[in-house]
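Worksheet: one structure, shown below.
Where a number appears in this text, it was derived from the coordinates with a stated rule and is not lab data. All figures in this text were calculated on a predicted structure; none of them were measured in a lab. Heads up, the Cβs are rebuilt from the backbone with ideal geometry, glycines too, and the neighbour counts pull from every protein chain shown.
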Amino acid sequence: MYSVLHPEKLGNKLNFTSNTERVRDVRCTLQPLREVWLKVGLEKLENHEGVAVKALLDSGATGLFMDTTFAKEKEFRMEKMKRPLLVKNVDGSENIEGAITHQVECNMFFKGHVERV
């Protein structure tokens, strides 16, 4: 999403040399125009316990991710990865949360469809 700022709406903050001169500042925001959340079920493989969650559809991520705090609170079995996965933001900078060091395997249910994730 792009937002356009019109200088004439900024009041006395800008000085124009003529009435025909206009400046536009285009800034990119990281907020999507629309978010799509789905109610899905997650099933732990070791005890078949189910957890209902809201999942963000198409966040732009290149994989499926679960928050570490959520995984611990819901007692998902977390396996340490052989090699941590470095996480980068859209702008190429490293994510402040650091690398992904653990993974979770579970079944995900949505409207009669099940997928091992």
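Based on the alpha-carbon gyration tensor of the stretch 36-116 and its eigenvalue square roots a ≥ b ≥ c, which shape applies: rounded if a/c is under 1.5, prolate if not and a/b is larger than b/c, or oblate? Oblate is the answer for the stretch 36-116, as a/c is 1.5 or above yet b/c matches or exceeds a/b.
How long is the gain from ASP91 to GLU46 if the chain were fully straight, where each residue apart is worth 0.36 nm and the alpha carbon distance is subtracted?
12.4 nm
In order along the stretch 100-108, phi translates into HN-Hα couplings of 7, 10, 10, 10, 10, 10, 7, 9, 10 Hz, rounded to whole numbers, per the Karplus curve 6.51 cos²θ - 1.76 cosθ + 1.60 with θ = phi - 60° and x for Gly and Pro. Taking label positions 7 Å along the Cα-Cβ direction at both ASP58 and LYS72, the computed distance is 3.4 nm, reported to one decimal.
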